[in-house]
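Working notes, beginning with the structure itself.
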Amino acid sequence: MNIPYTVETRPDTGLANGKLGIWLFLASEVMLFGALFSSYIILRMGSVEWPHGELNVWLGAANTVILISSSVTMVMAWASLKLNDHGKHRLYLILTFVLAAFFLVNKYFEYSGHLTRGEGPWHSTFLAIYFTLTGLHGLHIVGGMIVMGYFIGPGAKMWKTKPEQFTNRIEYTGLYWHFVDLVWIFLFPVLYLL
Amino acid sequence: MLNNLWLPTQASTHAASVDYMIILVHWLMLVLFVGWGGFFVYALFRFRKGANPKASYVGAKGKFAKGTELAVVVAEMVLLFGYAIPGWSARVGAFPSETEAVVVHVVAQQFQWNVHYPGPDGKFGRSSITLISAENNLGLDRSDPDAKDDIVTINQLTLPVDRPVLVRLSSVDAIHSFGLPEMRVKQDAVPGLEMPVWFIPNRIGDYEIACSQLCGLGHFRMRGFLNIKSAADYQSFLDEGAKELLQQ
Amino acid sequence: MHSDAAEIKKSVRTYMMVGAALLVFTAITVAVNQIHLAIPLAITVALMIATLKASMVAAVFMHLSHEKRWIYWALLLTAAFFVVLLSVPLLTVSNTIGKPIHAPSAAAVAEH
Amino acid sequence: MDNVATIGTTAHGHADEHAHEELGFWRKYIFSVDHKVIGIQYALTGLLFLLFGFTLMMIMRWQLAYNGAPIPLIGQWLGDARAPQGIMLPEFYNQLGAMHGTIMVFMGVVPLAVGGFGNFVMPLQIGAPDMAFPKINMMSYWVYFLGGVVMLTSFFQTWDGGVGAAQSGWTSYPPLAVISAGQTMWLIGMIFLITSSLLGALNFLVTIIQLRAKGLSYMRLPFFCWAQFVTGFLLLLAFPPLEAAGVLQLMDRLAGTSFFLPSGLVVAGKPLAVAGGGNAILWQHLFWFLAHPEVYVLILPAMGIVAEIIANNTRKPLWGYRAMVYSIIFLGFMSFIVWAHHMFMTGMGTVMSTFFQTTTMIISVPSVVILTALLLSLYGSSMRFNTPMLFALAFLPMFGIGGLTGLPLGLAVTDIPLHDTYYVIAHFHYVVAPGTIFALFAGIYYWFPKATGRMMNETLGKIHFWGSFICINIVFMPMFIQGLAGMNRRMYDGGALYTHNAGLPLELNLYIGMAAWTMGLFQLPFIVNFFVSIKWGKKVDRNPWQSTTLEWSAPSPPGHGNFLTEPIVYRGPYEYSVPGAPNDFTPQFEPEKSEKGR
Ligand code: HEA
Ligand code: HEA
Ligand code: CUA
Ligand SMILES: [Cu+2]
């Protein structure tokens, strides 16, 4: 049995199933992070004082740069497929993966810095929301890396059999990845600067 | 039946108007239900297969539906703007001033109501959570001059009749709810917040404080007593409390 | 693969430019932070830049600038409820009869 | 998070491999990706949970009816931590209450109404071969299953601050939920259940938007599909905030944070050692932001089922189909901005309460429109009173009672005496029990022949209906009286301590209990009927109810891929008794006369 519109687009919506699916998924993610931002605002409005400069701005900025770069390499990975250049695509995808790994390493150093000083999430409301938001975001990074890992490894062979579908999958992965980047674009100023 | 609807005794000045509104809403509900229900039952008999073997493709005609829907909307809007909104703003807006009202603090705790009167000086003493002990649930600092004459009771709220009462409500652990069924008063006691509640008891008698929010395994027995006394009896209650404090 | 190679090559240039712009904006955000503006102003500036960056990512990298109707509808709905969700904090603290009790934190208590 | 991969992997066409190869038992019945099998899995699991949730309630009603008497039959097995000498402890009562609510809502009704009926019926009704993402579909069932296992095992946990399941109500208000036992498992279970619902919702939405058969425009969509569509959006956008809130509460329990714990808490005479600074009301906002839309998730599929059955058994089109569709969309939209009507007593000022009272009154209007349309659909009909129709008809007045009693709760002033009393319990049980549950029963009787190829027994069905209908009213009607008299909910002793409950309100507890147990007995004919009919029910053909919608053009039961020929839709969903037509039903899939000749 064939599910219609897995690759080709449905004429009246102009969409393939996966495209709509990933966007709806991102819509729910917007509400997930929205609730957390909302909680952040509430806690901050209700607090007597809010710590400033507790986080290392340079590490945060470095991670911002890393994630933005990874978004560029991700979109390039997809564009390369569109240009029929699988080799280049692989290169860009691996680069994205490596950048994501850098992000996590950086985050690890930040976390362990706090924890060795005994400043875990229990320490203050600020650190509580900091760990929760970045932790959840970090999990999203890990999820993205798993998907990318799959397309670098076992998933890559699909390019030979169903190139169009493979390109779509990379596009969906990209949409997810850009969203993760987009969340960080807000997390950085909200947690590190304000 | 629709006159009192099993509602508890009315013992505060606003109770009658709350009840009046409840009864009004129930009349609306009854009329709607009987109207729709009448039509429903009629349809069940008239349009059963035996009585009407051939269904009509077109079915009901006319503006009947629009009419009832409009009527529902109008009735709801009347209830809302005529009664509910003004009624609520009186409850949460028009607080009596501290000078004319009897002011008490009620601190909820698993599973009891701690009542704190300011005493003759009219000032509440300081309290701190570091001083909390089995004898001093409020952590009242008796070294504070304002606290010396403060009367503290457990599960016993005594108030004078016909005077505005302002309760300052708080909680130290879970969320409780300060429910006075006969006063038509209910307000959650939320830790971290101090909630004002006001009413004017207008009937002498013994009533209850019912905890109306699940607050743990003792929720069902978190019952307090509310005694509404005449002005004179209330004064002697206060005097008695002051005397007891002196003896200690 | 409707779009032809030339078009893709053109968008690749856009991607690079947007990537560069994002990095520049990041630098600006950090720089602005260094001069310590008054907090409300700092928040406004930082969030404006963040929104700008986010919309660039969404519009270009995620191709939102030319998407299909259904995706716009779904996102519009999401945006509407997102706004409702972000109004929760305001609703919680603005129109309430409760006054916060600023009790000492447990840490402060422990010092006694 | 790795959905992206799955979205992709589900996408290939299996056509060639499947045509010949027979699937093994496991792939066919357990880890199936066929929406019909998954739908049946959901439905059976949901039914079992409903039965379990009902059993918990029957035990609770014992305690309320005979305060402090040992529980018969099962009392001695419950152990000292729950019921020493068979006498229930308050902790255990609270666990049963919290788990009854959670199980009924999240593990019973939603899986049955959305996971079960939605999965089984919706793709058939829109003429799709399957869901858009069959593997995600399978995954959402198994994530739900896991969530169910976590919730069930939580009754036996001993490590989380005490023995047993969560005991802070299905609403789990902190700080109580953070400081009381068993809540950790509840939160983990909820995170599974929410994730499952999100995956399911996404799948439903894509399926309805993308896989409708040729000719099936939105205004030809059966009302049931519309209900599922709106429900999908509610689940997709309302559940994530609760997921976020669940994570925050889990952090409060496990990582020592204090998102929901303000400073200065004193528990059992000792200051609580947390940083403080949190906000207890925040949880309530996030919870009700989900939970109000959630109650419409409980009712919309039920309305959809009832609409299908009423159209079929009145043998005429639904009256005002278009108005119903607009109403249900509007209802879905509005349900996101009424949530704080559950929170009037948390210290809301005039402005905010005005807003939420107004939206609450507005949201009652589309319900009235839908119900009125269904009611007027009866006019001029030729009604058949089979079992599904009886349940569907009973839905109307029962939902009417439940809905109408929502009005005094929606006005803040009248909510003062009624909030958190049995009036609220009665209000929402009238919508969910004789409302939704009856609609679900109706749906089971109605679509059973499609799923199994056999009918359920009518006599047993009618016994089930009348028994349940009478008993359920004796259970819930007296609760209005109790609530008006001021009897609070969640009372281990049924409010026996309080003098304002004395007399009639308290006595009623006994009759309610008896009616509840009797209702339990009246479920036996249903259970027997259900299982016996699978094997021995009367065999039927494709369209036993002579219905018009697409699912009835597929074989009963439909095979893999559903339809033998590609379905094409020529007309609206409810073309019954069309003047001049040869039959009293003209199916959506029947070509126009002019085309028939070709
Ligand atoms: C399916 C579930 C469902 C539905 C549909 C509704 C529908 C409504 N609910 Fe209810 N509600 C709950 C489930 C539901 N509710 C639950 C679970 C709770 C408690 C949660 C908890 O605290 O644990 C609750 C609690 C609750 C409260 C909070 C009470 C409190 O805690 O103090 C309020 C207050 O506004 C409210 C209002 C309403 C309103 C105005 C509607 C309206 O949408 C109703 C509109 C309907 C009508 C007006 C009826 C029209 C009827 C007809 C036209 C038919 C007549 C037909 C015949 C006679 C044949 N509900
Ligand atoms: C969908 C939601 C739902 C449903 C259907 C029900 C159904 C019932 N509920 Fe429930 N209830 C809640 C949701 C629900 N409840 C919630 C949310 C609460 C609040 C909890 C809290 O305070 O936190 C609550 C609380 C609650 C209380 C208040 C407890 C208290 O405050 O202390 C009571 C009291 O009597 C009660 C009773 C009942 C009864 C008698 C039924 C009956 O109608 C049950 C009828 C059930 C059936 C008829 C199912 C039969 C199933 C089968 C026969 C399946 C057969 C199986 C196969 C074929 C495989 N409920
Ligand atoms: Cu205190 Cu319930
Ligand atoms: Cu609600």
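The values are calculated or read from the model by the stated rules, or taken from the named source; none is laboratory data. Treat the numbers as computed from the prediction; the structure is a model and nothing was measured. In this analysis, Cβ positions are derived from the backbone assuming ideal geometry, glycine residues included, and neighbour counts consider all displayed protein chains.
With the condition kept exactly as written, say whether any residue in segment B:63-76 is within 9 Å of chain D (Cβ to nearest Cβ), surrounded by 13 or more Cβ atoms within 10 Å (Cβ to Cβ) and under 25 Å from D:Asn312 (Cα atoms). If you could, list the steps in order and put the result at the bottom.
Step one: list which residues in segment B:63-76 are within 9 Å of chain D (Cβ to nearest Cβ), which gives B:64-65, B:68-69, B:72-73, B:76.
From the residues that got through so far, the ones that are surrounded by 13 or more Cβ atoms within 10 Å (Cβ to Cβ) too are B:64-65, B:68-69, B:72-73, B:76.
Next cut, under 25 Å from D:Asn312 (Cα atoms) only: B:64-65.
The answer is yes, given that some residue of segment B:63-76 is within 9 Å of chain D (Cβ to nearest Cβ), surrounded by 13 or more Cβ atoms within 10 Å (Cβ to Cβ) and under 25 Å from D:Asn312 (Cα atoms).
Can you find even one residue in segment D:354-369 that is crowded, with 21+ Cβ neighbours inside 10 Å, facing chain B (nearest Cβ under 7 Å), of a type outside the set (Lys, Arg) and assigned to a loop (DSSP other than H, G, I, E, B)?
no
How many of the residues in segment D:535-563 are hydrophobic (A, V, I, L, M, F, W, C) and in contact with a strand residue (DSSP E or B) (Cβ under 7 Å, 6 or more places away or on another chain)?
Total satisfying the criteria: 2.
Are there any pairs, at least 6 apart or on different chains, whose C-beta atoms fall under 7 Å, with the first in segment B:11-22 and more than 8 Å from chain D (Cβ to nearest Cβ) and the second of a type in the set (D, E, K, R), and if so, which?
B:Ala11/B:Glu182; B:Ala11/B:Arg203; B:Ser12/B:Arg184; B:His14/B:Arg184; B:Ala15/B:Arg184
Within the group B:Val25, B:Val72, which residue is closer than 26 Å to D:Tyr574 by Cβ, in contact (Cβ under 8 Å) with a residue 12 or more places away in the chain and not assigned by TED's automatic domain parsing to the domain that holds B:Phe199?
Details: B:Val25 fails: closer than 26 Å to D:Tyr574 by Cβ.
Unique residue meeting the criteria: B:Val72.
Looking only at segment D:323-353, filter to residues that are of a type in the set (Phe, Trp, Tyr) and buried (at least 19 other Cβ atoms within 10 Å of the Cβ); which one of those is farthest from ligand 1 (Cβ to nearest atom)? Can you show your working first?
Our first condition is that a residue be of a type in the set (Phe, Trp, Tyr); within segment D:323-353, this holds for D:326, D:330, D:333, D:336, D:339, D:344.
Retained after the next criterion (residues that are buried (at least 19 other Cβ atoms within 10 Å of the Cβ)): D:336, D:339, D:344.
Details: D:Phe336: 13, D:Trp339: 10, D:Phe344: 7 Å.
That would be D:Phe336.
In segment D:305-353, how many residues are outside any helix (DSSP H, G or I) and more than 13 Å from chain C (Cβ to nearest Cβ)?
Summing the residues that are outside any helix (DSSP H, G or I) and more than 13 Å from chain C (Cβ to nearest Cβ) in segment D:305-353 gives 6.
Which count do you get for residues in segment D:99-136 that are within 15 Å of ligand 1 (Cβ to nearest atom) and among the β-branched types (Val, Ile, Thr)?
Matching residues across segment D:99-136 total 6.
Looking at segment A:53-109 only, could you name the residues that are touching a Gly at 6+ places or on another chain (Cβ under 8 Å) and modelled with pLDDT under 90?
Hit for segment A:53-109 is A:Asn56, nothing else.
Which of the residues belonging to segment B:211-248 are without any contact (Cβ under 8 Å) to a residue 60 or more places away in the chain and in contact with a Phe, Trp or Tyr (Cβ under 6 Å, 6 or more places away or on another chain)?
Result: B:Phe220, single match.
Would segment B:164-172 turn up any residue that is more than 16 Å from ligand 1 (Cβ to nearest atom) and without any contact (Cβ under 8 Å) to a residue 12 or more places away in the chain?
No - not one qualifying residue is present in segment B:164-172.
Kindly indicate whether any position in segment D:382-395 is within 10 Å of chain B (Cβ to nearest Cβ), surrounded by fewer than 22 Cβ atoms within 10 Å (Cβ to Cβ) and within 16 Å of ligand 4 (Cβ to nearest atom).
Step one: list which residues in segment D:382-395 are within 10 Å of chain B (Cβ to nearest Cβ), which gives D:382-385, D:393.
The next check asks that each one be surrounded by fewer than 22 Cβ atoms within 10 Å (Cβ to Cβ); those that pass are D:382, D:384-385.
Cutting the leftovers down to within 16 Å of ligand 4 (Cβ to nearest atom) gives us none.
No, segment D:382-395 contains no residue that is within 10 Å of chain B (Cβ to nearest Cβ), surrounded by fewer than 22 Cβ atoms within 10 Å (Cβ to Cβ) and within 16 Å of ligand 4 (Cβ to nearest atom).
Can you tell me how many residues in segment D:503-515 are more than 14 Å from D:Tyr422 (Cβ to Cβ) and in contact (Cβ under 8 Å) with a residue 12 or more places away in the chain?
Summing the residues that are more than 14 Å from D:Tyr422 (Cβ to Cβ) and in contact (Cβ under 8 Å) with a residue 12 or more places away in the chain in segment D:503-515 gives 3.
A quick yes/no check of all residues on (1) within 14 Å of chain B (Cβ to nearest Cβ); (2) buried (at least 18 other Cβ atoms within 10 Å of the Cβ); (3) among the acidic types (Asp, Glu):
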{"residue": "D:Asn457", "(1), (2), (3)": "no, yes, no"}
{"residue": "D:Ile470", "(1), (2), (3)": "no, no, no"}
{"residue": "D:Leu484", "(1), (2), (3)": "yes, yes, no"}
{"residue": "D:Ala516", "(1), (2), (3)": "no, yes, no"}
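Step by step: first the residues of segment C:55-92, then only those that are of a type in the set (Gly, Ala, Ser) and not in a loop (DSSP other than H, G, I, E, B), then the one that is farthest from A:Ser28 (Cα to Cα). Which residue is that?
Taking the candidates together, the pick is C:Ser65.
Condition first: closer than 12 Å to B:Val106 by Cβ and either within 16 Å of ligand 1 (Cβ to nearest atom) or hydroxyl-bearing (Ser, Thr, Tyr) (or both). Can you find one or more residues in segment B:224-233 that meet it? Give the steps one after another, and end with the answer.
Residues of segment B:224-233 that are closer than 12 Å to B:Val106 by Cβ, as a first pass: B:224, B:226.
Among the residues that remain, those that are also either within 16 Å of ligand 1 (Cβ to nearest atom) or hydroxyl-bearing (Ser, Thr, Tyr) (or both) are: none.
Checking segment B:224-233: not a single residue is closer than 12 Å to B:Val106 by Cβ and either within 16 Å of ligand 1 (Cβ to nearest atom) or hydroxyl-bearing (Ser, Thr, Tyr) (or both).
Among the residues of segment A:103-123, is any of a type in the set (Lys, Arg) and within 14 Å of chain D (Cβ to nearest Cβ)?
Checked against the condition, which is being of a type in the set (Lys, Arg) and within 14 Å of chain D (Cβ to nearest Cβ), segment A:103-123 yields no hits at all.
Would you confirm, using the coordinates I've provided, whether A:His52 is surrounded by fewer than 22 Cβ atoms within 10 Å (Cβ to Cβ) and within 14 Å of chain D (Cβ to nearest Cβ)?
No; evaluated as a whole, the condition is false for this residue.
When you go through B:Gly192, B:Gly241, B:Gly224, B:Gly205 one by one, which is the residue that is on the phi > 0 side of the Ramachandran plot and more than 7 Å from chain D (Cβ to nearest Cβ)?
B:Gly205
D:Ser556 - would you say it is part of a helix (DSSP H, G or I), of a type in the set (Gly, Ala, Ser) and either more than 26 Å from D:Ser32 (Cα to Cα) or more than 10 Å from ligand 2 (Cβ to nearest atom) (or both)?
no
List, please: which pairs have Cβ atoms under 8 Å, are six or more places apart or on different chains, and start with a residue in segment D:165-191 that is in contact (Cβ under 8 Å) with a residue 12 or more places away in the chain and end with one that is β-branched (Val, Ile, Thr) and within 16 Å of ligand 4 (Cβ to nearest atom)?
D:Trp170/D:Val105
Mind counting the residues in segment A:67-97 that are more than 12 Å from chain C (Cβ to nearest Cβ) and over 15 Å from A:Asp181 (Cα atoms)?
8
Need the failing condition index for C:Pro104 against (1) at pLDDT below 85; (2) in a helix (DSSP H, G or I), just the number.
Going through (1) at pLDDT below 85; (2) in a helix (DSSP H, G or I) one by one, C:Pro104 breaks only (2).
Yes or no: D:Val37 within 14 Å of another protein chain (Cβ to nearest Cβ), among the β-branched types (Val, Ile, Thr), away from ligand 3 (no atom under 16 Å from the Cβ) and in a helix (DSSP H, G or I)? Break it down into steps so the answer makes sense when it comes.
Numbers: within 14 Å of another protein chain (Cβ to nearest Cβ): yes; among the β-branched types (Val, Ile, Thr): yes; away from ligand 3 (no atom under 16 Å from the Cβ): yes; in a helix (DSSP H, G or I): yes.
Yes; evaluated as a whole, the condition is true for this residue.
Tell me the helices (runs of 4 or more DSSP H) entirely within segment D:410-493 that contain at least 1 residues that are within 16 Å of ligand 3 (Cβ to nearest atom) and under 21 Å from the mean Cα position of the chain (by Cα).
Where helices (runs of 4 or more DSSP H) fall fully within segment D:410-493 and carry at least 1 residues being within 16 Å of ligand 3 (Cβ to nearest atom) and under 21 Å from the mean Cα position of the chain (by Cα), they are D:422-431.
Report every pair of residues separated by at least 6 positions or lying on different chains whose Cβ atoms are under 7 Å apart, first residue within segment A:168-194 and more than 19 Å from A:Phe25 (Cα to Cα), second part of a helix (DSSP H, G or I) and among the aromatic types (Phe, Trp, Tyr).
A:Val190/A:Tyr40; A:Leu191/A:Tyr130
Take D:Thr421 and decide whether it is more than 7 Å from chain B (Cβ to nearest Cβ) and either within 11 Å of ligand 2 (Cβ to nearest atom) or closer than 21 Å to D:Gln482 by Cβ (or both). Write out each step before concluding.
On the way: more than 7 Å from chain B (Cβ to nearest Cβ): yes; either within 11 Å of ligand 2 (Cβ to nearest atom) or closer than 21 Å to D:Gln482 by Cβ (or both): yes.
Considered against the rule, which asks whether it is more than 7 Å from chain B (Cβ to nearest Cβ) and either within 11 Å of ligand 2 (Cβ to nearest atom) or closer than 21 Å to D:Gln482 by Cβ (or both), D:Thr421 comes out as yes.
Which ones in segment D:371-409 are more than 8 Å from ligand 1 (Cβ to nearest atom), out of contact with any Phe, Trp or Tyr (no Cβ under 7 Å at 6 or more places or on another chain) and in a helix (DSSP H, G or I)?
Correct list: D:Leu374, D:Met389, D:Ala392, D:Leu393, D:Pro408.
Residues being away from chain C (no Cβ under 14 Å) and either hydrophobic (A, V, I, L, M, F, W, C) or within 16 Å of ligand 2 (Cβ to nearest atom) (or both): count how many of those fall in segment B:107-153.
Within segment B:107-153, residues that are away from chain C (no Cβ under 14 Å) and either hydrophobic (A, V, I, L, M, F, W, C) or within 16 Å of ligand 2 (Cβ to nearest atom) (or both) number 8.
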